[in-house]
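S.K.: Can you keep this structure in mind? I'll have questions shortly.
Read-outs: derived from the displayed coordinates by stated rules, not from any lab. If you're wondering where the values come from, they're calculated on a predicted model, not measured in any experiment. Glycine also receives a Cβ, built like all others from the backbone with ideal geometry; neighbour counts cover every protein chain displayed.
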Amino acid sequence: MASQTEMEAVYRLHIGAVYRLCYSYLGSAAKAEDAAQAVFLSLVEHPRTFNDAEHEKAWLIVCAQNRCRDVMRSARWGG
């Protein structure tokens, strides 16, 4: 399991890209912030081992895309 310091470093390194992606999908700062936080919470709750920083970033981006699709789907169905 990654230490708190390591998780904070991952967050600082990637939060900008994850947030921007979420905002581009959702068009709302509040929804983008919530989605981005959910992505990092998922990483905290289910730690993973990555080959390198690019692998880590790719996982976070895919996770963010999936989260945004879930949010949009939920909004479409009134959830």
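S.K.: Helix-only estimate, please: 222 nm mean residue ellipticity of the chain, summing -39500 (n - 2.57) across DSSP H runs of length 4 or more and dividing by its residues, to the nearest 500.
M.R.: -28000 deg cm²/dmol, from helical runs alone.
S.K.: Please identify the DSSP H helices in the chain that span no less than 27 Å along the helix axis (Cα) and have a mean Kyte-Doolittle hydropathy of -1.0 or more.
M.R.: Membrane-span-like by this rule: 4-26, 53-76.
S.K.: Could you give the dipole magnitude of the chain about its Cα centre, charging the beta-carbon of Lys and Arg +1 and that of Asp and Glu -1, in debye to the nearest 20?
M.R.: Computed charge dipole of the chain: roughly 420 debye.
S.K.: Taking a ≥ b ≥ c as the square roots of the Cα gyration tensor eigenvalues, with a/c under 1.5 meaning rounded and otherwise prolate when a/b beats b/c, else oblate, which class fits the chain?
M.R.: Judged from the Cα gyration tensor, the chain comes out prolate (a/c at least 1.5, a/b above b/c).
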